[in-house]
Amino acid sequence: MTLKLSADQSIDLLQWLAGTWVGELGEQQVEETWTAPRHGCIENKVRLSSAEDIVLIELMTVREKTTAGERTLVLQLRQFNADLDLLTAQSMELSELTSSRVAFTTDEATRIRGLAYGLEADGRMAIDVILETGVTVTAYVAK
């Protein structure tokens, strides 16, 4: 079920994401660079690398969308290998939104079933990736 935005909510609630975040996911390094919200859209570029090479490049947008007078946020995700061959193309719907957390999910049979970004008390960001198996993998990144 898609979460609808209230009259006082907008993509501007995601301003806290803006900037470059770096951390580890197992033995791999995660780098995320988020733009500031503008014109109802925020973008993110992710680079996942091992000690030897680039493992994955990911591009995403989160946009405000209005359907039948109801407003929400939609995440569009594209993943590429190091040669920019497309690996994944999918959309997710807003399932949670607070001043320090946003989550998106899909009911489709895709490699990633959900993504959530949460600002921790220590200033780090927790990134939860829900895989098609139902397993959640969490990376912690910091500015």
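Each reported figure results from applying straightforward, stated rules to the coordinates on display, with no laboratory input. Quantities reported herein were computed from a predicted structural model and do not represent experimental measurements. All Cβ positions, glycine included, derive from the backbone under ideal geometry; neighbour counts span all protein chains shown.
If only the Cβ of Lys and Arg carry +1 and only the Cβ of Asp and Glu carry -1, the dipole of the chain around its Cα centre is close to 460 debye. Compute the longest continuous run of the chain that contains no exposed GluC sites (Glu not before Pro); treat a site as exposed when its DSSP state is not H, G, I, E or B and it has at most 16 other Cβ atoms within 10 Å. That would be 53-107. Here the simple spin-label model places points 7 Å from the Cα toward Cβ, and for C41 and T20 these points are separated by 2.3 nm. Here each label is just a point 7 Å from Cα along the line to Cβ, and for A142 and R63 those points are 3.6 nm apart. What residue among Q15, L87, T105 has its Cα farthest toward the positive end of the dipole of the chain, where the charges are +1 on Lys, Arg and -1 on Asp, Glu, each on the Cβ? Of the listed residues, the answer is Q15.
Legend: calculated FRET efficiency, E108 to D53, from the Cβ-Cβ distance at R0 = 35 Å, rounded to 0.05, equals 0.70.
Just the projected area, averaged over all directions, of the convex hull on the alpha carbon atoms of the chain: how many nm²? Write down the numbers at each step before the final one.
On the way: hull surface 35.8 nm².
If I average the Cα hull's projected area over directions, I get 9.0 nm².
Reducing region 84-140 and region 9-33 to their Cα centroids gives an inter-centroid distance of 11 Å.
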